[in-house]
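Peer 1: I have a structure I would like to understand better, so I am pasting it below and will then ask my questions one at a time.
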Amino acid sequence: MNMTTTAFATPEQARDYFAPLRRQGKSVVTTNGCFDIVHAGHIRYLIEAAAQGDLLAVGINADATVRQLKGVGRPIQRQEDRALLISSLKMVACAFIFADPNPIQFIEIIRPDVHVKGGDYPENIIEKPAVEKYGGKVKIVAMHAGYSTSKIVRRIQG
């Protein structure tokens with residue numbers, strides 16, 4: 001059994017991982033998120049994202065960014081652990097950590113063929129110009145109502 005991981009510390013490592021695969025004609029799809037406590041909504045979303053191309057790369061928000069976005073007490077799990085968990089899912093080719101508050105920098109590095117966002121985002125997302133600059137496209141996929149890490153955390157805290 002191959003026990004190597006495809007959880008990377010930087011977007012550059014993900015880009016380098018994909019280089020030989022792209023030369024073989026494989027398309028790269030990116031998405032991103034906190035993925036603090038993985039739930040069924042995340043899994044459904046990642047399945048839909050992966051269906052947009054050959055290889056799915058998932059950007060994992062760094063711990064400091066999650067704190068800015070979600071507040072005190074978050075993230076629950078460290079960035080390295082979240083990247084390892086997501087990279088181990090069968091629909092994910094690799095995961096990487098990114099420290100910027102938005103994904104534009106990693107898009108400039110990876111240059112995905114498709115960048116996926118959930119249906120709670122507008123069609124005209126801030127990443128769109130960066131994705132299209134390299135010939136890629138943005139795809140908005142449906143959100144799955146009723147799933148929220150924040151709600152799970154509140155329920156656990158009682």
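Here, each number is a calculation from the coordinates, and none is a lab measurement. If you're wondering where the values come from, they're calculated on a predicted model, not measured in any experiment. Because the Cβ atoms are built from the backbone with ideal geometry, glycine has one as well, and the counts that use them run over all protein chains shown.
Peer 1: If amide H atoms are built 1.01 Å from N in the plane of the peptide, which residues on other chains or at least 5 residues away come under 5 Å of the amide H of Lys139?
Peer 2: His115, Val116, Lys117
Peer 1: Separate question: Averaging sequence separations of C-alpha pairs under 8 Å and six or more residues apart, then dividing by the length of the range 7-157, give the relative contact order as a whole percent.
Peer 2: Details: 260 pairs, mean separation 44.3, N = 151.
Averaging sequence separation for qualifying contacts and normalising by length gives 29 percent for the range 7-157.
Peer 1: Give, rounded to the nearest 20 debye, the magnitude of the charge dipole that the chain has about its Cα centre when Lys and Arg contribute +1 at Cβ and Asp and Glu contribute -1 at Cβ. Please report the intermediate quantities before stating the final value.
Peer 2: Values: 20 positive and 15 negative charges, 63 e Å.
Using Cβ point charges on Lys, Arg, Asp and Glu, the chain gives about 300 debye.
Peer 1: Can you tally the lysine pairs in the range 7-157 where the Cα-Cα distance is under 22 Å and the two residues are eight or more apart, or on different chains?
Peer 2: Final tally of qualifying lysine pairs is 17.
Peer 1: Say we join alpha carbon atoms closer than 10 Å with springs in a Gaussian network model of the chain; which of Ile86, Ile60, Ile109 then has the biggest fluctuation?
Peer 2: Between Ile86, Ile60, Ile109, it is Ile109 that shows the largest mean-square fluctuation.
Peer 1: Show that you can apply the helix-only estimate: for the chain, add -39,500 (n - 2.57) for every DSSP H stretch of four or more residues, divide by all residues, and state [θ] at 222 nm to the nearest 500.
Peer 2: When only DSSP H runs of four or more count, the value is -11500 deg cm²/dmol.
Peer 1: Take the chain, mark every one of the trypsin sites (Lys or Arg not before Pro) that falls in a DSSP loop and has at most 15 other Cβ within 10 Å, then report the longest stretch left between them, sites excluded.
Peer 2: Details: sites that count: Lys26, Arg78, Lys90.
After excluding every exposed loop site, the longest remaining stretch is 91-158.
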